[in-house]
1. Just going by the charge dipole of the chain, with Lys and Arg at +1 and Asp and Glu at -1 on Cβ, which of ALA278, PRO143, GLN163 is farthest out on the positive end?
2. For segment 60-202, compute Rh as the Kirkwood radius over C-alpha pairs and then the Stokes-Einstein diffusion coefficient at 10 °C and 1.306 mPa s; write the answer in µm²/s, rounded to an integer.
3. Starting from segment 104-154, pick out the trypsin sites (Lys or Arg not before Pro) whose DSSP state is loop and whose Cβ has at most 15 other Cβ atoms within 10 Å.
4. Between GLY217 and residues 5 or more places away or on another chain, which pairs have amide H atoms under 5 Å apart, with H built 1.01 Å from N, and which residues are they?
5. Less than 11 Å Cβ to Cβ from GLN64, Lys/Arg counted +1 and Asp/Glu -1: what total charge do the surrounding residues give?
6. Can you check what the net charge comes to around LYS192, using other residues whose Cβ is under 9 Å from the Cβ of LYS192 (Lys, Arg +1; Asp, Glu -1)?
7. Each residue of segment 214-222 in order: what ³J(HN,Hα) in whole Hz does its phi give by Karplus 6.51 cos²θ - 1.76 cosθ + 1.60, θ = phi - 60°, with x for Gly and Pro?
8. Could you work out the local net charge near ALA142, counting Lys and Arg as +1, Asp and Glu as -1, over the other residues with Cβ closer than 13 Å to its Cβ?
Amino acid sequence: MNKILIIGPAWVGDMIMAQSLLKLIKERQPETILHVAATSWAFPVLSRMPEIDGLTELPLAHGQLGLGIRYRIAKELRKQNFDQAIVLPNSFKSALIPWLAGIPKRTGWLGECRFGVLNDVRYLDEKRYPLMVERLLALGLAPKESLPAFYSYPQLSSTPETQALALQKLDITRPTTPVLALCAGAEFGPSKRWPAEYYAEVARQKLAANWQVWLFGSPKDRVITDRIMELTDNRCVHIAGRTQLDQTIDLIAMTSAVITNDSGLMHIAAALKKPIIAIYGSSSPGYTPPLARDVSILKLNLPCQPCFERECPLEHHQCLRDITPDLVLNALAELPV
């Protein structure tokens, strides 16, 4: 029986895309035990992935070295006798725990010159693997093995029981009319955020069409969602900053369609098989698209795109501002909602 430790990535969207790797391993070797080490924020997402057999918390802040913490975790993991570790982040420190734990095979991309801490080092060919999900999948294959022609997309579970608990927690009545989810935030920065005024215009039109509109996001997104509430006379259901991640999953599962920036919530919606309008500004769907069937990607092809900057270097945000609410509404009308 093969036992594999997966060192999870630091972002919500990356963690969800990593489920395709987990599915690939389980499809090829169903008896494999998959154990994921990740920060605690990811546990609500990971608990919705049936491929995972065990979890270990990494109580480390983003970018923290924490050698003592890593040593203690490695000491505990050593007792589990893993056969392999697959390190998904590219940082040197992310590969320390498998090395300290003495795991015989330690796989990952070269990243920050990780010779030694990794002994199954892969050299990334960006043209061969343009998508992030492909780069994750490749780590589950032999070094020169081709990707499968078809692979499983992420799929998070949600049940009527957990949905009912989420509705009760937020004092929301189960909807009887279509629900539009608006995910107006983006942790990365303003260059990924479609204007709040545009989201509000879309909300007004769907409210007039007898839809409910639910606003999702983290506490950091409240400035944006508060503005949308103001512009819609407080007629939306304001969920942003009020939920745990597992509750967010269950609430998005109840919606009819999702309009979103390139964000972790976009990948959650995709893994719940929701019809999605995905709006791209500084980033690129050629790297991290939503992995779902019913998706409309809206992106302009400006000379400055994609810049991958947190703030617009040219200070005009044209890549987002020139995507009008009418364009989004027209795209939404084309989806099977």
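Values in this text are rule-based calculations from the coordinates and carry no lab data. Computed from a predicted model, the values in this text were never measured in an experiment. All Cβ positions, even for glycine, are placed from backbone atoms using ideal geometry, and neighbour counts span all protein chains on display.
1. Positive-end residue among those listed: PRO143.
2. My calculation gives 82 µm²/s for D.
3. Sparse-neighbourhood loop trypsin sites (Lys or Arg not before Pro): LYS127, ARG128, LYS144.
4. The list, which skips near neighbours in sequence, is ALA240, GLY241.
5. Details: positive: ARG70, LYS93; negative: none.
Net local charge, GLN64 excluded: +2.
6. Summing Lys/Arg as +1 and Asp/Glu as -1 gives 0.
7. Here the 3J(HN,Hα) series is 10, 9, 10, x, 8, x, 5, 8, 5 Hz.
8. Result for the local shell: +2.
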